Each structure stands twice: as C-alpha cells, then as structure tokens.
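The values are calculated or read from the model by the stated rules, or taken from the named source; none is laboratory data. These figures come from a predicted structure and were not determined experimentally. Glycine also receives a Cβ, built like all others from the backbone with ideal geometry; neighbour counts cover every protein chain displayed. In case anyone asks, the SASA skips ligands and DNA or RNA and just uses the protein heavy atoms, side chains included. Shrake-Rupley method; radii C 1.70, N 1.55, O 1.52, S 1.80 Å.
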Amino acid sequence: MKRVRDGVVIETPSRDELVAVQTPQAFVASVLRSAAAGEGSDCASLVEAVGGRVKVVPGDERLLKVTTPDDLRRVEALLAAEAE
C-alpha cells in the first residue's frame, strides 16, 4: 500500500490496521437507502459517511468479483483446480 499524489509516492501507511475487503457488502436496507444520497466509492463508504458503523466479517479469498475477462479466467482456473 502506498499513498500517491501526481504519480509520486508520498507515504507508506502502516498496514497494522488495514484489511482487504470484498463485495458484496450487506447492510440493513433502510440504512443503505438513507445513506445512498451521499457520496462514496462503495456501500460501506456511503454508510460510514452518515455515521454508520460498518463491521468486518471473515471472507473467503475464492469469492472473487468478476468484472473483467481476466477475473473470469481466474475463477475458471479455481473451479478447475477444485474439481480435480
């Protein structure tokens, strides 16, 4: 992880409190609806922006978000390996 500005590294943050997160994210529908009018890069950041508490739960690294052909190839390879 690096913090970058104009293509130049300006900081290497401590990873002690950083975690990788996955989608989908789950929220109480009424909380997410009320937060949706705000600004954020994902559902969690919308809820955080209105003061909501977001809890982290264990995930599974095999559950990949498929948005590109490369993502699909990774999932296909994982499925093929598990089928062996």
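Counting residues in the chain as N, plug N into 2.2 N^0.38 Å and put the Cα Rg over that result.
Normalised Rg, Cα atoms only: 1.43.
Where the only charges are on Cβ atoms (+1 Lys, Arg; -1 Asp, Glu), what is the dipole of the chain about its Cα centre, to the nearest 20 debye?
Taking the Cα centre of the chain as origin, the dipole is about 280 debye.
In whole Å and largest first, what semi-axes does the C-alpha gyration tensor of segment 6-51 yield when each eigenvalue is scaled by 5 and square-rooted?
Working through the eigenvalues yields semi-axes of 27, 14, 9 Å.
Which residues does a label at ALA26 reach in segment 40-64, if reach means a backbone N under 18 Å from a point 7 Å past the Cα toward the Cβ?
43-45, 47, 53-64
In Å², what does the accessible area per residue of the chain work out to with a 1.4 Å probe?
Averaged over the residues of the chain, the accessible area is 88 Å².
Mind ranking 71-83, 23-35 by how tightly packed they are, going by the mean number of other C-beta atoms within 10 angstrom, highest first?
Taking the mean over residues of other Cβ atoms within 10 Å, the ranking is 23-35, 71-83.
Quick one: compute the contact order of the chain, relative version, from alpha carbon pairs under 8 angstrom and 6+ residues apart, as a percent.
Reported as a whole number, the value is 15 percent.
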